[in-house]
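The values are calculated or read from the model by the stated rules, or taken from the named source; none is laboratory data. Note that the structure is predicted; figures quoted are calculated from it, not measured. Heads up, the Cβs are rebuilt from the backbone with ideal geometry, glycines too, and the neighbour counts pull from every protein chain shown.
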Amino acid sequence: MKKRKPTKKFEDKSQIEIFRELLEIDRNNLDDALITQSELFFKVSEAQVLAAASADALKEGVAMVDADLDAVVRQQLDDAGEKDTVAKVQAGINSHEDHITAVDEWLETKREADMLRAMKDSFSMRSSMLKNLVELVCTQYYTVESIRGPSEEAGYTRNRARIAQDKRSKRDD
């Protein structure tokens with residue numbers, strides 16, 4: 001009897017890692033980021049849909065394996081002279097190597113689909129961030145003038161007025 005192993009780590013990290021790297025926004029290259037955003041979002045969405053479909057197919061596969069094992073376990077219990085109760089049949093199915101393998105494959109694929117769904121949400125957030133960054137650039141948020149606050153501007157204006165007054169006073173003397 002095969003024991004259930006813990007879900008293995010996602011072996012093919014390349015797709016997730018590539019998408020993760022593409023999430024980063026270079027604020028000095030916003031035009032390229034804006035141009036590629038919709039294509040990247042589509043690619044992530046497509047990968048997520050395919051992974052979810054694969055997980056759904058594997059879940060159906062688990063049900064088919066369990067249906068096949070039901071007859072096998074009932075026959076084994078009958079051959080052993082034991083009564084085939086629902087609990088015994090289910091325990092036999094759940095502990096069978098074929099069931100464990102099918103469930104492990106389904107769980108791994110479901111985890112990948114869940115990771116891609118989270119990645120899709122991240123790319124949606126990236127789209128909002130791009131919009132906000134473009135607005136900041138358009139309002140010249142990153143310019144030196146925008147760093148000076150209103151109080152600095154008022155102080156500058158007062159100092160210029162005082163200097164002008166001092167010059168006029170000296171001229172009048």
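Would you point out the residue of the range 13-41, among those that are touching a residue at least 40 places away in the same chain (Cβ under 8 Å) and outside any helix (DSSP H, G or I), that is nearest to M115 (Cα to Cα)?
L23
When residues of the range 62-110 are filtered for being assigned to a loop (DSSP other than H, G, I, E, B) and either in contact (Cβ under 8 Å) with a residue 60 or more places away in the chain or on the phi < 0 side of the Ramachandran plot (or both), how many remain?
7
Hey, among E82, E97, E112, which residue is surrounded by fewer than 14 Cβ atoms within 10 Å (Cβ to Cβ) and either modelled with pLDDT under 95 or not assigned by TED's automatic domain parsing to the domain that holds Q37 (or both)?
E82
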